[in-house]
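Just so it is clear, none of the values below were taken in a lab; they were calculated from the coordinates. As the structure is a prediction and not an experimental result, all values here were calculated from the model. All Cβ positions, even for glycine, are placed from backbone atoms using ideal geometry, and neighbour counts span all protein chains on display.
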Amino acid sequence: MTLDEARQILGVGAGAGRDEVKRAHRRLALAFHPDHHKGSTQFDEFQKQINVARDTLNREIDRLAESAHSETDTAMETPAPPAPAAAPPQGPRTRPRPAPPGVDEYREISFPFLTMLRGGRTRINVPRPEGTQEMFVDVPQGAEVGVLLHVLGGGGRGSPPGDLLLRVVAVEPDPVWRPARPDEGRPLDLVTRLTVTYAQLYTERLIPVESPWDGRSLPSGTIGLPLRANNFGPYKVRGHGARRGGAAGDLLVFLDVVWPERGQADLAAALWRIQGPVGPGDR
């Protein structure tokens, strides 16, 4: 784990000392202790992350302290310059009282399915006593329910301001795409349904299918899907599913076929002429 990643997880700055790291670790460890969230392995994994972040920063603090100690020993061997003349005494000064540090805030939040799928920076509205505050939060690509998002300085006002901790508790469904069920595909596969006519299916037309990546991997954001007669799906569009850790799932397309309405004599006669009876009972 890098130093930047460790600071981001604990929500501390580059100049944080051992006491500040300890307080930040203790705050997160108490807020997200697995005993408070029975049956969730995600909180166990988060505990491991904050422990690694604490150890990483403490090692860096020790290294800097040893380096500073060596420089001090070298400086003591060099004669010190003469002290400047004492400044004339001045009257007492009144120092402004520093503002208290802001309080960290924890909120549960939900995001649209495409936001969790694609990731990126998105805008949220946070209610405050003085009114709704608009801020931006970075959502990792392929995020899932249970992910903890850490917004530095997004908490209560103060010096320094507190942080905002967002736990994703739900994903808002999308009307077009959804994750594949275990009986449909792999964990990274997505599913969409496409309405076609029987004429399109019978003539095996090439029809457009919209990609959930909205032009991020295709110039137009659509895919030409070649239909096959009597195949209602799934049609597999490789590489257009969910993406996580360098892996990509597939987009599975199922067809909802609209059959011709009954009562059309010309169509019935043409079908009878083309297909005819298939057994003695139909003659």
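Assorted remarks:
- Backbone HN-Hα couplings from phi across the stretch 158-172 [Karplus 6.51/-1.76/1.60, Hz, Gly and Pro as x]: x, 10, x, x, x, 9, 10, 10, 10, 9, 6, 10, 7, 10, 6
- Under the Karplus curve 6.51 cos²θ - 1.76 cosθ + 1.60, θ = phi - 60°, whole-Hz ³J(HN,Hα) for the stretch 45-56, x wherever Gly or Pro sits: 5, 5, 4, 5, 5, 5, 5, 5, 4, 4, 5, 4
- Computed E for residue 254/residue 170 - FRET, C-beta separation, R0 35 angstrom, nearest 0.05: 0.90
- For residue 225, residues with placed amide H under 5 Å, excluding near neighbours: 207, 209
- For the stretch 177-261, the antiparallel share of DSSP beta bridges with both residues in that region comes to about 60%.
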